[in-house]
Structures are given as structure tokens and as C-alpha cells.
Amino acid sequence: MPLKIKIESLGIHLPEKVLTTEDLLSVCRSRPRVDLEKVTGIAQRRVAVDEYAADLAVGAARRALAMSRYAAEDLDAVVCTSISKHHRPDEFSFEPATAVLVRRAIGAKKALVFDVVNACAGLLNGIWVLQGLIRSGAIRRGMVVSGEQNMPLAWTATREVRHSLDRQLAALTLGDCGAAVIVDASPDEKHGFHWLDLVTGARHDHFCYSKPSARGKGGILITKARGLQIEGNRNFPAYLKQALDGTGWDLNDVHHIIPHQVSTRAIRQGIRAVGRFMGCDLPDVFLCHAETYGNTTTASHLLALHDFMLKGRIRSGQNVLLVSGASGIVISHATFTLDDLPERYLSHVNGGA
Amino acid sequence: MRRCRIESLGVSLPRRRLFRWGSLQHAVEAGDRCLAASRYKPSDVRVLVNAGVHRDEHVCEPAIACYVQNALGINVDFHGRRTLAFDLLNGGVGMFNAAHLLTAQMLAGEIQVGMVVASEVNSDRRPDPESTFVPSGAALLLDLSPRNGAGFGTFVFETREENADLYTSVVCLKEPRGRLLLRRRAELEDAYLAGAAAAVSEALSRDGLGPADIDLVVPAQVSPSFLARLPGAIGFPADKVADFTATLPDTLTTSVFLALDLARAAGTLAPGKRALLLACGSGVTVAAVTYRF
């Protein structure tokens, strides 16, 4: 039986400023007729003010370290998985790796550092990378961190969106957030990650992409949402079943399924696709809070974990399934059983508040 | 312990072409050559990592590895045989990081065959004069070596984050289509040499080797002045350090493997020989690893 890894600590850095979908639409040069809030279910999101992607990552990394039993110098690796690398206004930074900036800020003096980028599947991809490094004995523990300042893409969309079918519309669902986890080897077989699998169906690499705008300043996010959802929903339920089978669970063993928080509508469609594939009624285990935070891309799963642990929905000892669909198209699933993380997290956040 | 080896190496050399090639074309050319020289089929590749930094149109999503996977025809459909494709960014040492983590995945029993590709192109229509470099591509197919002792030794990465500002590359988004601004300060070469001295010493010590055990050092071809100072900094005689700077300019991420390809073609790295590979990049990070052929 291969060594299992577990989430030892979690840190979320949420900007304080709340921006409603109505307020975002009100600054569009050409306001789309579509009722975006009704279609996506996203009512608001957080927006970073006077801080940038690297700051969000550093903030989350510091919070994860604050509740961890490890000090920064104990970390053997820091892997940054952000897509957005807006470390300064009107700039996208490729070098140095964001992980270097995080290492410098937190003082992880001996950590191996690099960035892993795989769209919204990046964070699970980063955990998969650390799992291999830990299992091979190359490292003992590491941090995966994302600082997602996605709103610059939304601001470009407010300038460039022209109509209700505009392919930049999905950029208006984004939100900002920093998230970090520290992972290490699980001391027992019962807790930790049982299954962590990612697969890329590269034939579908054209449904979603981001690059600098050709029409003006800023970056753009182009999404062919319908095609992405159709292909995603056609293919992911089989991998979800495979994750359950590989773990030795059936749907009744799962306490919570956390999908990538794209929009409440996309999540509902995903649930229907799983129901069709399984041929049964699904238990009410899908968690969704996209209405409050929007799509925070790679930070999405950890933000949901944070939010539902604080609400008392996710508790120690429970079984969780993470589901992610990302541009590429990358389909990823992870199953894990929580140790006492929720209890420790609640006590840490409440104690620190 | 079994080692990970380079089963096949493919490169797309910088050369004049009638039409300018993009980063994807260079990556695919290198990947195709790599697969053609390999005993593996494309469908055997379980993980594909792209470590190239500068890409066509500065695309930042999806992973460029997805485009390469699609172009190379590596398990492009869901179900059946599967491939995971993702990007790893760490400047000039990215291919070393990718080889290191694929080695770990192989030793952990997760995968059997992995591929690392990288290509570097400044795709701007009017490139910033300080940000030009020669486009190229390189690809490695990695598997576990059937011969005891052949393959990579211990990977060592020496990061001096206090020097992070010596090398930056950003895309300025103030103008349409963005513009790559690559900035390397004058002190960078000194930082590389200091990092190289520490990384080489650590890599040799971890593998229980000395300079006399190394037949050839294959470093990133940063510049003629760097190559001139490198032997002194790492304690090797100059004739043991591969210097191709007369014909091969700095190609960033792909540099070490383009140099390795040239050294191999020159016949200096026969089976049984041992090389020391040395990469330098932003961070500032210097990576070193021994390799037994």
C-alpha cells in the first residue's frame, strides 16, 4: 500500500472588499442584456485592493503556517499553482516563479520551489506533484499555494464585452482569493488522500484560454462555455465513478462532494450528469457557495473547504470527494478522509479571531 | 536504487526559417524527434510536462502542455489510455525540476514513462530590444533505467531568493497583445557562478563523486564570459566544460539539453561516461545533477 499524504494545515486569504455582480455589470461599457446573476447564481465576489496575486499567495501561506505544527524552515517544497500572476498593475509575471516570492516572504529557506500551472486544476495538480515527491522520499512535507487575482480579467471584460453571447462573459464570474495547504505523510491508512487522479483530454484544448487582449490593455479570458460544459459533463462522471471505485466507496460513503465552484448553474448541470451516469438519485452531498465568492479558479476547492468547515458542515473524520474540471480539458478527482483538521481549524480561526 | 534516465532526446535547433516558428512548433518539432528516436509510442507517455516559459501570444491558460499533447497526438481523448499534461515554470531550471518530479513519480510507482518539453520564443511583433533571444525547443523522454547506475544522480537546486530581482520577465499588459520585458541585471552572472559552485559541490557530494569522476560538464550556454569563468568557479579544468557558445547562443530553458545534444553528437558521451548537467535561471536558481550514460 503506497504511503498516503494528508492535509496538515490550511490557510485562506480572502480580500475584504465585496463586489456584487450588479455593481460589476454596472461598469460594463456595453452592459450585456443577460441576467448574469440569475444565469450563474453568482451574486458577489471578493476583490483584492492594493494587493496583488503574490500578496494573496503570501497571505494564505502565512495563515497555513500559523496553524501548522511546522515552521517555514521545515518545509521541503513550496509549489505555487496560481494561473494569475498579476504581481503589479498591468503586468503578468513569468519570472521569477511565484513560489520564489512566497519562499522569500515566509522564510522557507531550504524549500524546493517552482510553479505548476494547469488552469483551474493547478492546485490538485500541485498536491499530486508533492504526493509523488513525498512517496519517493525526496521530501517529507511541502506547501501548495495559490494567489489568484483574477479580477484584472473581469475588468477587461467590462471594457470589451459587447453582447449577451460574448465569450468574455465568463470572466465576469471570477473572484480573488489566496489559498494554501501544507501536506505531509499520513501516520495511518485511514486518513488522508486515498485517490488523486488527473487526466487531460487535449483534443478539447480550445474551449477556454487566456492571453493579452488584442483590442486594448489587460488580459482576456475567452470561454466557449457551452462546449466546455458539454464535453466536461459527457466525460467526468465516469472518472468520478472510477475515483469512488478506486477508493472502495460508493456514493453513500461520501459525506461531501466539492465541485469546482464555477457557477451554481454549472454545478447543477454537473450533478444531473452524474445522476444520469449513475442511473440513480444522488444524495444531497454536493457543496456549493459560488453565489458568495464567484469562481476563484485554483483556490476554489480550498476556499470551499475553509467555508464549510467554519460553518460546521465539514467535520473531522468525514469522507470528501473533490471534483475539478479545467480548461485543457483537465478532469481531476481526489478522495480523502479528514483527520482532526476541521476541529483544529475551527479552534485556530476562532482562537485567532 | 533504480535511476531515471533520458531514454530519448529531441531538439529543435535555432536556425533561420522562411517563416518564423512559434513556441508550439518548436516544442512539437523537438517532441516528434524525441518520439521518433524512442522505443516508446506516443500513447505510452503518462505525464507530459512543458517547462518552457515564453510562449506564443503569451497564453497563460490552458497549460501549453495541453496544446503540445494535442499536436503530438498523445492520448488526446478521454478514457482509454490516459495522459496528464501540465506546465512547470521555474525559468532556466524548469526542465530539471520537471525531470526531478517525474523521477519521483516513477520511483513512487505512479508512472512508467514521462516526457518533458520546453520551447522558448518571443512572439511579439516588435520585440523589446533587450528581450530578444534565439527560439528553440527540446524534449526528453524519461523512464526507469534497466541498467544499474545509468541515469540521473541526485538533483540539487540552489535558490538564492535574495537575488530574485536580478532576473525578471514580465508581459506588460498596457499595450494590445502585451509585450515581453526580460530584464537581466549585470550582477546576474556572479550570482549564477556563486550558485553553480554550491550546487556542483552538493551534487557531487550527494552522489559520492569528485571532479575526477566527471567526464564532461554540460552547462547552460549563458554567455562566453560565463563559460570562461565557470571552470574556475566549480573547480573543473576548462577542457572538461562543454562550451558551444561560438555556435549556440543562450536559449534559456532549453540550453543545457541543446548543449547535451551537441556533446552527444560530438561523441564525447559514450555509454559508461558521466556528465554533470548544470542549469541556471531566474530565482536565482542553479540546478546541478550528475548523469551516467
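Values in this text are rule-based calculations from the coordinates and carry no lab data. Because the structure is a prediction, the values reported are computed rather than measured. Methodologically, a virtual Cβ is constructed for each residue, glycine included, from the backbone with ideal geometry; neighbour enumeration extends over all protein chains shown.
Between A:V18, A:V183, A:V34, the residue with the greatest mean-square fluctuation in the GNM of chain A (Cα pairs under 10 Å linked by springs) is A:V34. Just the number, please: percent antiparallel of the DSSP beta bridges in region A:192-340, rounded to the nearest 5. Of the beta bridges lying entirely in region A:192-340, close to 80 percent run antiparallel. When you filter the chymotrypsin sites (Phe, Trp or Tyr not before Pro) in region B:1-55 for DSSP loop state and at most 13 other Cβ atoms inside 10 Å of their Cβ, you are left with B:F19. Computed over region B:150-288, the quotient of the alpha carbon radius of gyration and 2.2 N^0.38 Å is 1.11. Hey, in the GNM for chain B with a 10 angstrom Cα cutoff, which one of B:E187, B:E202, B:E61 fluctuates hardest? Comparing B:E187, B:E202, B:E61 in the GNM, the peak value goes to B:E61. The mean number of partner chain beta-carbon atoms within 10 angstrom of a residue's beta-carbon across peptide B:159-168 is 5. Restricting region A:92-131 to trypsin sites (Lys or Arg not before Pro) that sit in a DSSP loop and have at most 15 other Cβ atoms within 10 Å of their own Cβ leaves A:K109, A:K110. With neighbours defined as other Cβ atoms within 10 Å of a residue's Cβ, the residues A:E16, B:E29 order from fewest to most as A:E16, B:E29. Look at the Cα gyration tensor of region B:1-60: its axes a ≥ b ≥ c give a/c of at least 1.5 with a/b over b/c, and that counts as prolate. In the frame of its principal axes, the protein assembly as shown has Cα extents of 69, 55, 47 Å, reported largest first.
Across region B:172-179, rounded Karplus estimates of 3J(HN,Hα) from the backbone phi angles (6.51 cos²θ - 1.76 cosθ + 1.60, θ = phi - 60°) give 6, 9, 6, 10, x, 6, x, 8 Hz, Gly and Pro being marked x.
For the protein assembly as shown, the antiparallel share of DSSP beta bridges with both residues in that region comes to about 75%. Each other residue within a Cβ distance under 9 Å of A:V49 adds +1 if Lys or Arg and -1 if Asp or Glu, for a net charge of -2. Picking from B:S123, B:A139, B:L252, whose Cα lies most toward the positive end of the charge dipole for chain B (charges on Cβ: Lys, Arg +1; Asp, Glu -1)? The residue sitting farthest along the positive end of the dipole is B:A139. Taking 14 Å as the cut-off, the amide N atoms of region B:152-173 that come nearer than this to a point 7 Å along the Cα-to-beta-carbon line of B:E130 belong to B:165-172. Over region A:5-185, Cα pairs under 8 Å with separation of 6+ residues give a relative contact order of 36 percent.
Shown is the FRET efficiency for A:E51 and B:R177, computed with R0 = 30 Å from the Cβ-Cβ distance and rounded to the nearest 0.05: 0.65.
Peptide B:89-96 has a mean shielding of 5, counted as Cβ atoms of other protein chains within 10 Å of each residue's Cβ. Calculated [222 nm] ellipticity per residue, helices only, for chain A: -10500 deg cm²/dmol; basis is -39500 (n - 2.57) per DSSP H run with n ≥ 4, divided by all residues, nearest 500. Report the FRET efficiency, 1/(1 + (r/R0)^6), for A:K241 and A:A214, where r is their Cβ-Cβ distance and R0 is 30 Å, rounded to 0.05. Computed FRET efficiency for A:K241 and A:A214 comes out at 0.10.
Other residues within the sphere of radius under 10 Å centred on the Cβ of A:T20, judged by their own Cβ, net out at -2 (K and R +1, D and E -1). Taking trypsin sites (Lys or Arg not before Pro) across region B:184-284, the ones in a DSSP loop with at most 16 further Cβ atoms lying within 10 angstrom of their Cβ are B:R185, B:K273. Counting Cβ atoms of other protein chains within 10 Å of each Cβ in A:230-238 and taking the mean gives 1.
Across A:G279, A:G201, A:G147, mean-square fluctuation computed from a Gaussian network of chain A (C-alpha pairs under 10 Å connected) peaks at A:G279. Once the Cα-Cα distance is subtracted from the 0.36 nm per residue extended length, the A:T20 to A:A66 segment shows a gain of 13.5 nm. In units of the rule-of-thumb radius 2.2 N^0.38 Å, chain B shows an alpha carbon radius of gyration of 0.95.
Here chain A carries DSSP beta bridges of which approximately 75% are antiparallel, counting only pairs with both residues inside.
With charges set only on the Cβ (+1 for Lys and Arg, -1 for Asp and Glu), what does the dipole of the protein assembly as shown come to about its Cα centre, in debye to the nearest 20?
In total the dipole reaches around 1200 debye.
As a calculated quantity, the FRET efficiency between A:E189 and B:R39 at R0 = 41 Å, using C-beta atoms, amounts to about 0.60. Inter-part distance, region A:152-206 to region B:108-163, computed on C-alpha centroids, equals 25 Å. Put simply, the amide H of B:L278, placed in the peptide plane, has neighbours under 5 Å in B:V218, B:A220, leaving out anything fewer than 5 places away on its chain.
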